[in-house]
1. For the chain, what does the accessible surface come to per residue with a 1.4 Å probe? Please give it in Å².
2. Find, to one decimal place in angstroms, the Kirkwood hydrodynamic radius of the stretch 1-66, where the mean of 1/r is taken over every pair of different Cα atoms and then inverted.
3. Stretch Ala348-Ala286 to full length: gain in nm at 0.36 nm per residue minus the Cα-Cα span?
4. Could you work out the local net charge near Gly235, counting Lys and Arg as +1, Asp and Glu as -1, over the other residues with Cβ closer than 13 Å to its Cβ?
5. Show me the ranking of peptides 83-90, 340-347, 19-26 by mean Cβ neighbours inside 10 Å, starting with the highest.
6. If you line up the Cα atoms of the stretch 266-378 on their principal axes, what length do they span on each, largest first, in Å?
7. So what's Rg/Rh here for the stretch 82-130, counting alpha carbon atoms and using the Kirkwood radius for Rh?
8. Can you tell me the order of 110-120, 268-278 when each peptide is scored by its average per-residue count of other Cβ atoms within 10 angstrom, highest first?
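The values are calculated or read from the model by the stated rules, or taken from the named source; none is laboratory data. Keep in mind the model is a prediction, meaning the values are calculated, not measured. FYI the Cβ positions are ideal-geometry reconstructions off the backbone, even for glycines, and counts take in every protein chain you see. Heads up: the accessible areas ignore ligands, DNA and RNA and are worked out on the full protein's heavy atoms, side chains in. Shrake-Rupley method; radii C 1.70, N 1.55, O 1.52, S 1.80 Å.
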Amino acid sequence: MTMDALELTQAVKAEAKRQGFDFSGTCQAVQPAGAAILSDWIEAGYAGEMSYIAGRFDAYSHPRNVMDGVKSLVMLGMNYSNEMPAASEDGKGRVARYAWGVDYHDLIHRRLKNLCRATSEMIPEVNVRGVVDTAPLLEREFAQLSGMGWYAKNTMLINRDHGSWFFLAAMLIDRELVYDAPMETSHCGTCTACLDACPTDAFPKPGVLDATRCISYLTIEHRSPIDHELRSRVGNWLLGCDVCQDVCPWNNKASLSEEADFQPSEGLNPVDLIELFDLDDDQFRARFRKTPLWRPKRRGILRNAALILGNHPCSAAVAALSKGLGDEESLIRGACAWALGRQPDKNAASRILTERADIETDPVVSGEIKLALGELSR
């Protein structure tokens, strides 16, 4: 079958819509200007423990490093906006909206596979590859070049119709397409709501995110104890953070997703923190393996849960934290020690910490216990 560039572009976009992508755009496979910005960002130390970004930095220099022979990119957006978060409750933790349903990687990969297969059937011997935020590709820049939105002050991509509540994916193809006009104008104006609302002051300046202070990074990618200065600022976020998106005026206009797999799974909006301390590794895996909560693993989630219970003490917190203080993971024990030091039942917390101090072998955890006991004695 012979198709010219316009016919192919229209056919691919129509198929993307059939596969469940809400909007799309096309651009030429070029060297992204953002590679230099990424280099400066890494040099500034803003990547934190995400060493994999620097490890494959050269690959970001051109889409050909993702697929040899690529000429065009079809950028794809999938809306995940849904119901409002549940009201805050004692003993409960918030999860960012994108993580309420199934792991979006799995769903989008299936849709991309179908789109690539359909495209291959349109043109014999075409080479295509679908990717979703795991390949070294500056998706937001190529989406902007495809006219899908503008780069906002909180580093999100904003679309006029969908706000910033959407996932980005890409299909690389070794054919010329008809390209969309890039979005060259920001429509954020003088608004700084996202910057002003950030609980951890994670934006050194508009358009720059210091990931080491971002709650999403701290609760997901950061695998070490969270700095004391930032713990109280994590608030009640168990995984991710939506604050800068919640306050964005453009998100007031965003349409709701009709994708069933993105609707809140039972027990994720919000999450019962006390129950988490009863889960061993196998039980945690069984419950969260197919959700985004699997990425930080049990140790990361329970660390986060302990911090929330320290920030928002409740009657059931002491028993749960006592259990966590005896966990085999030192990361969990240290967070639980800190949280126990913030409980109103000082006698019970002091007794538990003192008993653990006598048998604790990890120096970091021992330090946390000492600090917590000092806090309780004030």
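1. 45
2. Result for the stretch 1-66, one decimal place: 14.8 Å.
3. Details: separation 62, 0.36 × 62 = 22.32 nm, distance 3.28 nm.
Result: 19.0 nm gained on full extension.
4. That sum, taken over residues with Cβ under 13 Å, equals +2.
5. Taking the mean over residues of other Cβ atoms within 10 Å, the ranking is 19-26, 340-347, 83-90.
6. The principal-axis extents, from largest down, are 43, 28, 16 Å.
7. On the way: Rg = 18.4 Å, Rh = 14.0 Å.
Across the stretch 82-130, the Cα-based Rg/Rh ratio is 1.31.
8. Working: 110-120: 17.4, 268-278: 19.5.
Result, highest mean first: 268-278, 110-120.
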